[in-house]
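Following: one structure in structure tokens, then a few remarks.
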Amino acid sequence: MIGRVAVCSWSLRADSGPDLGALAASCGVRHVQLALDPLRQGGEIHGPDGVQAANWDAEETIRALREAGISVVSGMMACAGEDYTTLESIEQTGGVRPTERWGANLGAARANARIAGRLGLKLVTFHAGYMPGSKRDPERRVLIDRINAVVDCFAAVGAGVALETGQETAETLIGVLEEINRPDLGVNFDPANMILYGKGEPIAAMRALSPWIRQVHIKDAKPTKVPGTWGEEVAGGTGAVDWKAFVEIVRTHPRTIDLVIEREGGDQRVADITRAREMIEGLIR
């Protein structure tokens, strides 16, 4: 079932809670998925645009969003040291895979869970990192144990976790989800990531992962012309995603699924997010 239309807070590149509220409202969006790490860190944003100075206070942020009429549909946490320069660099550094950063990431999950609990969030998403396809790969067991540990942190405050799609095929992710087998773990389905990472056709992957979908991202991309390199993220509605089929899967889903606009490239974020909102709202009417 169709839920709320929201926007990822990091897509707007805001530098404070009041700024986020104003930017979201300017896009015609009344709901956000909120990055928790800036609130945890207090003075920095760590993301694909680098490290930016910011003034993030949890209580002030929520107060500012409420005053702007903006609600928070879910949270997001990032993992330390992720390098998105190339497909190879993110394979080595992404998510909870790097052992040398596991302690820091587990500590961040615990702190982010406390914030999620204070905010009353019921869902938090993150990239777990590259998952081995073979059950015989010893690293797969390690990764599953770490995912379980992160989910435990959020379960303690009543929040579920959804894994971002894209860094593995739908088949591999389904195998991991079935092996973990817990109701508080699902998927945040991002169709663009399937294209950007070259991990499968988005609609077929979405249908396969449908039983685990808890939230979706509205993000678009074009496939790479050079194997082994990134695809190109583009404004919603201008890429390779079949949005009509995408919306129909959400519409017929037994759960209520929020649709969260994400834009990670380009210099016209407000305009691109506004166009994506108009596109998706036109399809769900």
_Once the cut-off is 26 Å, how many percent of the Cα-Cα pairs in the stretch 1-133 end up in the long-distance tail?_
23 percent
*Which value results when the Cα radius of gyration for the stretch 109-246 is divided by 2.2 N^0.38 Å?*
1.08
*Just how many pairs of Lys in the chain have C-alpha atoms closer than 16 Å, counting pairs that are eight or more places apart or on different chains?*
4
*Debye log10 I(q)/I(0) at q = 0.22, 0.31 Å⁻¹ for the stretch 93-146, Cα point scatterers*: -0.87, -1.21
*Which residues' amide hydrogens lie under 5 Å from the amide hydrogen of Tyr130, considering only partners 5 or more residues apart or on another chain, with H built in the peptide plane?*
Gly94
*Counting Lys and Arg as +1 and Asp and Glu as -1, what is the net charge of the other residues whose Cβ lies under 14 Å from the Cβ of Ala113?*
+2
*Distance between Cα centroids, the stretch 213-285 to the stretch 2-35: provide it in whole Å.*
16 Å
*Highest to lowest packing among 118-126, 164-172, 264-272, 190-198, scored as the average C-beta count within 10 Å*: 190-198, 164-172, 118-126, 264-272
*Give the accessible surface of the chain per residue, rounded to a whole number of Å², with probe radius 1.4 Å and ligands, DNA and RNA excluded.*
42 Å²
*asked:* Among 26-37, 62-73, how do they line up by average Cβ neighbours within 10 Å per residue, starting with the highest?
replied: 26-37, 62-73
*Wrap a convex hull around the Cα atoms of the chain, take a quarter of its surface area, and give that in square nanometres.*
13.3 nm²
*Value of D in µm² per second that Stokes-Einstein yields for the stretch 212-285, Kirkwood Rh from Cα pairs, at 10 °C (1.306 mPa s)*: 120 µm²/s
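The values are calculated or read from the model by the stated rules, or taken from the named source; none is laboratory data. Predicted model only: the values in this text are computed from it and were never measured. Here Cβ is always computed from backbone atoms with ideal geometry, including for glycine, and neighbour counts include all displayed protein chains. Just the protein is used for accessible areas: all its heavy atoms, side chains included, with ligands, DNA and RNA removed. Shrake-Rupley method; radii C 1.70, N 1.55, O 1.52, S 1.80 Å.
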